[in-house]
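Asks: A single structure is presented below for examination.
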Amino acid sequence: MAERIDDPGERIHQAFESQFLTIPVASIVPLKTLPDGAREGRTFAQVLSSIKAVGLIEAPAVMADTAKTGSYFLLDGHLRIEALKELGIDQVECLIATDDDTYTYN
């Protein structure tokens, strides 16, 4: 028989804040560089086309830079951020990581 959990918050640590945060794209610092040719590739073209057609579907994941207020490290969503820059979009809703981890959540 499965154990009943009355308050899941006591046992499960959330990896992200429960609310999205709108952040200026210029305040997001990528943790990796895109490979050469990535902006000319098929995947980037698909991401760009999708954002143009329906908007951003999956929010980038970021972590606050504790050394610089208002700055965020990009954990996941590098192509999406580059597409937003190319489209001239200056703000984006992001998932805010609660852990001080610098690895991707994929």
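The values are calculated or read from the model by the stated rules, or taken from the named source; none is laboratory data. Quantities reported herein were computed from a predicted structural model and do not represent experimental measurements. Counting neighbours? That spans all protein chains shown, and the Cβs are built from the backbone with ideal geometry, glycine included. These area figures cover heavy atoms from the full protein model, side chains too; ligands, DNA and RNA do not enter into them. Shrake-Rupley method; radii C 1.70, N 1.55, O 1.52, S 1.80 Å.
Asks: Can you name every residue in the stretch 57-68 that is open to solvent by less than 30 Å² (accessible area, probe 1.4 Å) and outside any loop (DSSP other than H, G, I, E, B)?
Replies: Within the stretch 57-68, Ala61, Val62, Met63 meet the criteria.
Asks: Every residue in the stretch 40-56 that is in contact with a Lys or Arg (Cβ under 9 Å, 6 or more places away or on another chain) and outside any helix (DSSP H, G or I), please.
Replies: Leu56
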